[in-house]
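Enquirer: Supplied in structure tokens, the structure appears directly below.
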């Protein structure tokens, strides 16, 4: 899994993050996984899930099931 994180070269700040707020996250991806981390505490850990799981998560949010 650590190798997958090293392959992520393009992290982007979530479009739902507020300017100046302390609740910002960054999202990065490879062909196999999507990773989410805290913008202000990048060394604090990273949530890594399959692209399929992340897609399902986003679809659930958009359908207001979460």
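Just so it is clear, none of the values below were taken in a lab; they were calculated from the coordinates. Keep in mind the model is a prediction, meaning the values are calculated, not measured. No Cβ is skipped: glycine too gets one built from the backbone with ideal geometry, and neighbour counts run over all protein chains shown.
Enquirer: May I ask you to compute the full-extension gain from residue 50 to residue 12, defined as 0.36 nm times their residue separation minus their alpha-carbon distance, rounded to one decimal in nm?
Expert: My answer for the length gained is 11.9 nm.
Enquirer: With each pseudo-label sitting 7 Å past Cα toward Cβ, what's the residue 64-residue 38 distance in nm, one decimal?
Expert: 3.1 nm
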